[in-house]
1. Does the stretch A:406-421 include one or more residues that are within 18 Å of A:LEU187 (Cβ to Cβ) and buried (at least 19 other Cβ atoms within 10 Å of the Cβ)?
2. With the requirement that a residue be farther than 21 Å from B:ARG129 by Cβ and part of a loop (DSSP other than H, G, I, E, B), what does the stretch A:88-109 give you?
3. Return only the number of the condition from (1) touching a strand residue (DSSP E or B) at 6+ places or on another chain (Cβ under 7 Å); (2) farther than 30 Å from A:GLY460 by Cα that B:GLY147 does not satisfy.
4. Taking the stretch B:100-147 as the region of interest, how many residues are under 30 Å from A:TYR469 (Cβ atoms) and among the charged types (D, E, K, R)?
5. Test of understanding: among A:LEU426, A:LEU433, which residue is closer than 23 Å to A:VAL389 by Cα, modelled with pLDDT under 95, out of contact with any strand residue (DSSP E or B) (no Cβ under 6 Å at 6 or more places or on another chain) and assigned to a helix (DSSP H, G or I)?
6. Output the residue which, of all residues in the stretch A:437-447 that are surrounded by fewer than 16 Cβ atoms within 10 Å (Cβ to Cβ) and part of a helix (DSSP H, G or I), is nearest to the other protein chains (Cβ to nearest Cβ).
7. In the set A:ARG308, A:ARG282, which member is in a helix (DSSP H, G or I), modelled with pLDDT under 85 and more than 30 Å from A:TYR138 (Cβ to Cβ)?
8. Restricting the stretch B:166-188 to residues that are of a type in the set (A, V, I, L, M) and within 13 Å of another protein chain (Cβ to nearest Cβ), which is farthest from B:GLN39 (Cα to Cα)?
Amino acid sequence: MLMLLRQFVERRWVLVLATGVLGVRLLVALAVVPPWQQPDEPSHLLFARILAEQDTPDVGYVLRPAASDATDVLVPTFLQGASFRTRRADPGLERELLTSMAEHGWWRYYGRPQPSPLPTSLTEAGLTVVDSGPTLYYVTAAWVLRAFDVTSLLGQLYVLRWISALLGIATLWCGWAGTRKLFGVQLADLTALLLSVLPQFALVSTGVSPGPLINLCGAIFWWQTAVLFTGERSVRTVGLVWLVALAGLLTKRAGIPLGVMAAGVTVLAFVRSWWTGTFKVRGLVAASAAMLVLAVGVVVLLPGEVERILRTLWVTVTSRSMNPESASLEYFERFTWTLLDSAWFYAGWMRYPAPISWTWLVRGLMVVSLLGLGVAAWRHRMRPSLPVVIAFGLVAVQVASIYAVHFRLHVGPQGQYLFPVLAPMLALFWIGLRGWWPVRRWPVLAAGLITTVILFDLVGWSAVLIPLYVG
Amino acid sequence: MSADTWTVRRAPDWRLLTGLAAVLVGAEVYLLGAGRVQQDAVARRPGSFVVGEVSGDIAISQTMTASIVGLDRVTLWPVAETASEGPLVFRLYDVTPLGPPEFVFGTNVSVDHLAEDQPLVIGVPRLARSAGRRYRIDLSVPDASPGRGLSFWMHEGDGYPLGELAVNGRTQPADLLFTLRAEDLSAWARMVRRLNDGASLVPGPLAMLVLLMLANVCVVAGVERMVAGGFDAGEGTGLSE
């Protein structure tokens, strides 16, 4: 056992060390960010808690009027053990939540005067109530709260924050595994270290929200895609790719791009196997059968979710309307910079950015990296290697989906929308940066890059987050 | 070459590692240890103006929400056309919602020697738990006759949503210029305070300090391993193309 552990760690030393770094930073984030300050934390916890406290099984599901105080949603049988109706809102719980929000200065951090008397519902306080079904995240969160028998409000909040932190660490590991498969261990080590000191990743990975689960789905997807193009068991791997894409789809609408990526990766894998002469009809049949079974199973078990996903996709693809406010170059620039800036550091629901000099520094690095990718492509006579094509393709799908939805509908961008493809993004970021330098300079460049991001992280915590959140 | 194959490890570059460790420790000591100003303010801007006169029965009050801990000074910007008659009566109340208003501190400040644009700094007993609380300051010069009172710098608009100005109880679309100050506090001192309250289910200050040191060691060791592992120009090492 010890031998196995030693062998495991020896081959993954940098990953283990990066895990240590990320672990400490997650602890700091858990300590510093006050309760309810992560984006929409009250809404996410409310829905998970309602599901956890629901104890009136009712197979005879009857929809109440939409205007009712307690809107019903159907919890899938296979996830809950029994179908029963549950509510989306609970006035008693909301009052308790709002009192806790007031105790922890929620309005002050949002730059608003605390109302007196307090609002009676989250909607009245300007927060949205979760409008999706009881997706994978909420059902799992509710199960965790029940399993650990956590009943106090803050106890539930911190248990779910800790779960998010664990998902963040798993994301690091899966991201590393995928990058190692495609790009080799050195690049994987470097991206693992970068990810472990990226401030926004630590912030996002300590909030109660479906985001960390989507990020993990994205990282597993990246890993399995890498396995698909480097390994032998392609049918099994295609199945896993689709399974994890499905988990993403059933977690949040933000997981829909994973479905598009899964389709693209499957087609690419078939084309490649045809091209290299390794294509097997038996494999195609087996993969198609597995996917058909999976698809039928999902449609039968979760008809509502499938309809929701298809409706979102249909509206996105067919709607040609664009919010008039989005149709300007100025907004395009603002949207793009905000999206990129907030992938590095932007605290408090996009209210507290990094110091401006540091913001410009990372913007400069991103521009240099993007141009460096062009330089590297030119050096390779515009024939980049397959790993670069795969990484670029996944990032392109994610970015395209953000612009197709958020930009077009004039919804504020958030860098965390890029996090499902964080591992390939960081790999491309490094490849772009090193494109300007000879190979012998790469070690110094890598050390310099990590040092710069660490300093950026330190400045973010010491100059913005701690003074803001710890009076 | 397979992606799992290790390239030949180079000897550690000690200059690089020492430099990295020095930069890390130096930056942490400076960034976490240096005192940072604690203040909340409605600052003077191009649109700020002097208005009204506080004298006799006319009193003004300004509410404000403190984000700082250990509030011990309030600064105002009064203006007197002529020497003011009588002292400025200053009263500070805690008007945090969910509780009754509470008198905190009061003083009479002599303002007969005010120079132009001179801020008036009023010391208050240190309020250890001021962060997040809402305060109201009441200002009056009851002994002054009209023309011998005080005016104050203000700023019109909704620039400060965390409080409001009222004249004789009537809310105005403006705010007094003010600063709430507390002694400078380092990021680490703030962290210690947060870790000691035990609300966030994380280790205490000493354990966290040890963990931070360990994280530094992990970073330096991680960079050393990565650099010593060597880099090659190949990108698709795992692919059999």
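The values are calculated or read from the model by the stated rules, or taken from the named source; none is laboratory data. Everything quoted here is computed from the prediction, not taken from an experiment. In this analysis, Cβ positions are derived from the backbone assuming ideal geometry, glycine residues included, and neighbour counts consider all displayed protein chains.
1. Checked against the condition, which is being within 18 Å of A:LEU187 (Cβ to Cβ) and buried (at least 19 other Cβ atoms within 10 Å of the Cβ), the stretch A:406-421 yields at least one hit.
2. Going residue by residue through the stretch A:88-109, those that are farther than 21 Å from B:ARG129 by Cβ are A:88-98.
Those that are farther than 21 Å from B:ARG129 by Cβ and part of a loop (DSSP other than H, G, I, E, B): A:ARG88, A:ALA89, A:ASP90.
3. All conditions are met except number (1).
4. Number of matching residues: 6.
5. A:LEU433
6. Per the stated criteria, the residue is A:VAL439.
7. A:ARG282
8. Going through the stretch B:166-188, the residues of a type in the set (A, V, I, L, M) turn out to be B:166-167, B:174, B:176-177, B:180, B:182, B:185, B:187.
Okay, now just the ones that are also within 13 Å of another protein chain (Cβ to nearest Cβ), so B:180, B:182, B:185, B:187.
Working: B:LEU180: 5, B:ALA182: 7, B:LEU185: 11, B:ALA187: 14 Å.
Looking at residues that are of a type in the set (A, V, I, L, M) and within 13 Å of another protein chain (Cβ to nearest Cβ), I get B:ALA187.
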